[in-house]
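Read the figures in this text as sums done on the coordinates, not as results from a lab. All values derive from a computational prediction rather than experimental measurement. Cβ coordinates were reconstructed from backbone atoms using ideal geometry, including for glycine residues, and neighbour counts include every protein chain displayed.
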Amino acid sequence: MNRQHLVLGVALATAAAACRSDETDPRPPTVSLSLGAVDVAGSPTTAALPLNPATGMLVVDSESPCAVVITATPSPDTHDPVRLLHEGSGDPSTLAVYSDVPVRDPLAEVIYNRGVNIAPAFHARPGSAGDGAEVIAVLVAVPQDALTALATFTARVADAAGLGSEVEETTVELATPFPPEARGTLQAAPTPGAGALTGVLLPQRLVGGHSVLTSPATPFALTVEVLPNPQSGLKLDLVDEATGRGDPATLLVTVDVALGDPRQGGVDAGENLAQRFNADVAPLVDPVTGATTVAFVAAAGLVPPPGTATFTVRVVDVGGHRSLTTRVALDVSAGASFSRDVQPIFTGLCAQCHFSPYGMSPSLAQGTSYAQIVGVFGQQVAMPIVQPFTPSRSYLLHKIAGTFEDVGGGGVRMPRYLPPLNGVELETIEDWILLGAPND
Ligand code: HEC
C-alpha cells in the first residue's frame, strides 16, 4: 500500500466514527396528546371538552366523541419527519396510540379493545401547528364503557431513523350514566307576540319515516325541554356554549342548513340558536312529573329551503354531564300542485284502469279525478280516498305506499301490475295532501 492509500484509509475510519456518535447523540422527537370536542358533523374542533369543576378533569360520555389530537415535533437535531404509520408496516417511522378502555370509532362503528394500537385505524388528518410542530393525527374516539371512571390515552412516536419519543398520557373522566336530558319538538309556530306554544304538531309524513313537514306557508317552532339529572339535581341554565357566560351548564341547538328569514336576521348552519331565541320565552314546569323545563327555543318563522333540515339538541350540566344528542328532522316541502305535479302521475300510471264512467272506481283521469277522490269515501275501507292535510286518513296514499292492509284495506298495492311509485312520486302526492289537497 502506498502513502496515498493509507491517508484515505484513515479518513474513512474517522468518518465512520463520526457517524456512530451521531446515532447516539441527537435528541429524540417529542409527542404531545390532547383531547378536544367534536362538532355535530363529527369533525374534531379546538373547543375544549367540558370540565368537571369538582374533579378538575375533562369529561366525555359514551355518546359524544372526543378528538385525540397528536402533535409530533421532529428531533431538533436531525429534523427527521415523523408520520402516521402502523408500527411494523415497513417504514420505521411510527405512531402508537393506546387507550386503557375499549373505544369506539364513531365513523366506522368499530370497537377497539384496550391495548390495541388505534392509530392506524382511526381517521388521521395531517395538519400543522403554528409553532413549526406537525399535527400528525386526529383520532376520533368514544370510550365504550360509560361506567368506567377514567380513560387514559397514551401516545408514542418514532421517526424514520428509529429515534423514539417519551410516552405521553392524557386521562379523561367518563360521564356518569345519569346525564341530564334534552328533548326537541317541532310544532306549528305560535302567532307572533303570543308567547305561548300552539301545541299543534306539524304534519307527520306517512312515507319516508318520522320526519315532519312544513312549507314556506306554515312556519314552525322548535321547543327544547331540558330535564336535570335526577341524581345530581344540578341546576341547568341556558347559556351559549361559545360564550360560556355565567353558569357552565350549556345548551346547544344547531341546524345543519341556513335558516333564512330577513326579519330575524337568519341563522347560519351550525350556529348555536340557544342564546338567540331564549330571550323570547319563559321556563315551564311540568305539574305532573315535577320535571323542570328550563329551556325553550322558538325558531318560529325561520323556514329553511326545501329539503331536510336537522336540528341537533344537547345539554351539558354544571358537572360536565352531557345529555344524549337528540336530532329532530324537519322536511321542508316546496309544495306540490295538483294539475302540475299530481295529475300527471295519475294520467301516466293509473288512468288506463281508473277512468270514468266504465273503468275502475275512482276515476283518476284528467278532469274527473279531483271530484272523485277528495273528501270522497272509497269501497274498500271507511276512510276518504283523500283527506286534506291528513295522509294517514287518505286511503289512496295507503294503496300506493303499500300500507293499505294496516288500515283494514284489501286488494293489491297500486298501480296494479306495475312497479310501485318511486320516492319522489310518493312524496309529491303526500305533500299535496299535507298542504291541504288544493285543486290548483
Ligand atoms: C292495471 C289496472 C290498475 C292500475 C294501473 C291501477 N289500478 Fe287502482 N285498482 C285497480 C283494481 C282492479 C282495483 C280493485 C282491487 C284492488 O284494490 O286491488 C283498484 C283499486 C284502487 C283503489 C281502491 C279504491 C276503493 O274504492 O277503495 C285505489 C285508491 C286505487 N286503486 C288507486 C290507484 C292509483 C293511485 C293508481 C296509479 C298510481 C292505480 N290505482 C293504478 C286497478 C288498477
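Assuming 0.36 nm per residue, please report the length gained on full extension of the stretch ARG340 to VAL376 beyond their Cα-Cα distance. Working shown, then result.
Values: separation 36, 0.36 × 36 = 12.96 nm, distance 2.19 nm.
Full extension from ARG340 to VAL376 adds 10.8 nm.
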Task: Where labels lie 7 Å past Cα in the beta-carbon direction, separation of GLU169 and GLN352 in nm - done: 7.4 nm
- [ ] With only Lys, Arg, Asp and Glu charged, each at its Cβ (+1 for the first two, -1 for the last two), find how big the charge dipole of the range 338-434 is about the Cα centre; round to the nearest 20 debye.
- [x] 260 debye
Task: Spacing of the two label points (7 Å from each Cα toward its C-beta) at ASP440 and THR368, in nm - done: 2.7 nm
Task: ASP25-ARG114 pseudo-label distance in nm [points 7 Å out on the Cα-to-Cβ vector] - done: 4.4 nm
Open item on the list: Quick check: residue separation of HIS79 and ASN422 times 0.36 nm, minus the Cα distance between them. What number comes out in nm?
Closed with: 117.5 nm
